[in-house]
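Here is the structure we will look at.
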Amino acid sequence: MNNPSNSVPGSPIDSQAIAPASASPTRPFYWSVRRELWENRSICVAPLIVAVVVLLGFLVSTIGLPERRRAVLLLDPAKARAAIEMPYNVAAMMLIFTAFIVGVFYCLDALHGERRDRSILFWKSLPVSDLTTLLSKATIPLAVLPLITFAIIVVTQFVMLLWTSALLILHGMSPASTWTNFPLFQQSLILLYALVAIALWHAPIYGWALLVSGWARRATFLWAVLPFLAIGFFEKITFGTSHFALMLKHRLMGFAPLAFAFNAHSIDCPQLTPGKYLSTPGLWLGLLFAVAFVTAAVRLRRYRGPL
């Protein structure tokens, strides 16, 4: 015979019993994001591999660095700073490009993968809504991956700075020219701003990839790319124009002249222009499309079963 509960409604014991059920409403979202990181190790592994390759290439390129540095210091201050910054900027650009590729392919497989291996039946049995699941998947390329990339880039650039400093000291030169022309803390703030700007600008691309992932039965990459190629070819053949192709190019790389002001003759290059970036209609139009794509992907997941 079961003993009746001795807890009195409103008592501390009763409050503790119901606390887990009504804990934080963000807990399912948190664990959904953790699940994505557990199941997709390439989110961290791919940038790390590229960082190692970049460091190896940088180590080889530093052969003869002291002689080149003496010649660079004789140049105009703006040109000298640009020359000293170049390897660090190249390393950052390679890792940012890697993060973009990883984000796109992650989104293309985010919904298709769970339909293909039929794990969608298990995940749908859990008390996690389709909206929470889609938001957790969209958070990976929009927030988690940029933060991971930021940390890896900063560590990579710090190692490059240490190696350069040690090499210059061994050749009787001061490492101050490196640290002065590439202040790591200031450059890290610029990098963080750039990663946020890029993530927001590319949001419709990730949203479209999630939508295709939830709809296509196979070949998600082809279904994501071919419609845009077909539209571009049709416009070129029919009208002889390339407005659609230019629009796609602007969506891929158009954030830079909006988020930054480049002046090759200034020692403070680039300059941040967040006001101009945030007031750009293309940014907000892209975010509206991203919301529409994610909303459509939520509805698709609600009614789509395994392949």
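None of the figures in this text is laboratory data; all of them are computed from the coordinates on show. The shown structure was predicted, so the numbers you read here are calculated from the model rather than taken from an experiment. Note that we place each Cβ from the backbone using ideal geometry, even for glycine, and neighbour counts take in every protein chain shown.
Rounded to the nearest 0.05, what FRET efficiency do F185 and M93 have when you use their Cβ-Cβ distance and R0 = 25 Å? Kindly include the intermediate steps, with their values, before the conclusion.
Details: r = 20 Å, r/R0 = 0.79.
The formula returns an efficiency of 0.80 here.
Backbone geometry of segment 226-231 corresponds, through the Karplus equation with coefficients 6.51, -1.76 and 1.60 at θ = phi - 60°, to 3J(HN,Hα) couplings of 4, x, 6, 5, 5, 5 Hz, x marking Gly and Pro.
Return a whole-number percent for the relative contact order of the chain, with Cα pairs under 8 Å and 6 or more residues apart as the contact set.
On the way: 275 pairs, mean separation 75.6, N = 307.
For the chain, the relative contact order is 25 percent.
For segment 155-307, relative contact order (Cα pairs under 8 Å, six or more residues apart, normalised by length) works out to 29 percent. With θ taken as phi - 60° and the Karplus curve 6.51 cos²θ - 1.76 cosθ + 1.60 applied, the whole-hertz 3J(HN,Hα) list for segment 156-161 is 4, 5, 5, 5, 4, 5 Hz, x standing for glycine and proline. When the alpha carbon gyration tensor of segment 192-307 is reduced to an equivalent ellipsoid, the three semi-axes, largest first, read 31, 20, 11 Å.
Under 21 Å of direct C-alpha separation, and excluding same-chain neighbours fewer than eight residues apart, K124 reaches these lysines: K137.
Dividing the C-alpha radius of gyration of segment 35-181 by 2.2 N^0.38 Å, with N its residue count, gives 1.43.
Sorting I190, I96 by the number of Cβ atoms found within 10 Å of their own Cβ, with the fewest placed first, yields I190, I96.
For F260, the residues whose modelled amide H falls within less than 5 Å of its own, excluding neighbours fewer than 5 places apart on the same chain, are T273.
Against the main long axis of the alpha-carbon atoms of the chain, helix 77-110 sits at an angle near 20°. Cross-link partners of K79 among lysines, defined as those whose alpha carbon lies under 28 angstrom from its own and excluding same-chain residues fewer than eight positions apart: K276. When the helix-only estimate is applied to the chain (DSSP H runs of n ≥ 4, each -39,500 (n - 2.57), divided by the residue count), what is the mean residue ellipticity at 222 nm, nearest 500 deg cm²/dmol? That calculation yields -23500 deg cm²/dmol at 222 nm. If the segment from R35 to L287 were pulled out straight at 0.36 nm per residue, it would be longer than the present Cα-Cα gap by 88.2 nm.
Put a dot 7 Å past the Cα of E67, heading toward its Cβ, do the same for L192, and the two dots end up 4.1 nm apart. Dividing the convex hull volume of the alpha carbon atoms of segment 25-303 by its residue count gives 165 Å³ per residue.
For a straight C-alpha distance cut-off of 20 angstrom, the aspartates and glutamates reachable from K249 (same-chain residues fewer than eight places away being disregarded) are E235. Angle of helix 203-215 to the longest C-alpha principal axis of the chain, folded into 0 to 90 degrees and rounded to 10: 40°.
So if I place +1 on the C-beta of Lys and Arg and -1 on the C-beta of Asp and Glu, and nothing else carries charge, what would the dipole magnitude of segment 25-303 be about its Cα centre? I want it in debye, nearest 20. Each step should come with its number before you reach the end.
Details: 23 positive and 11 negative charges, 151 e Å.
The calculation lands at about 720 debye.
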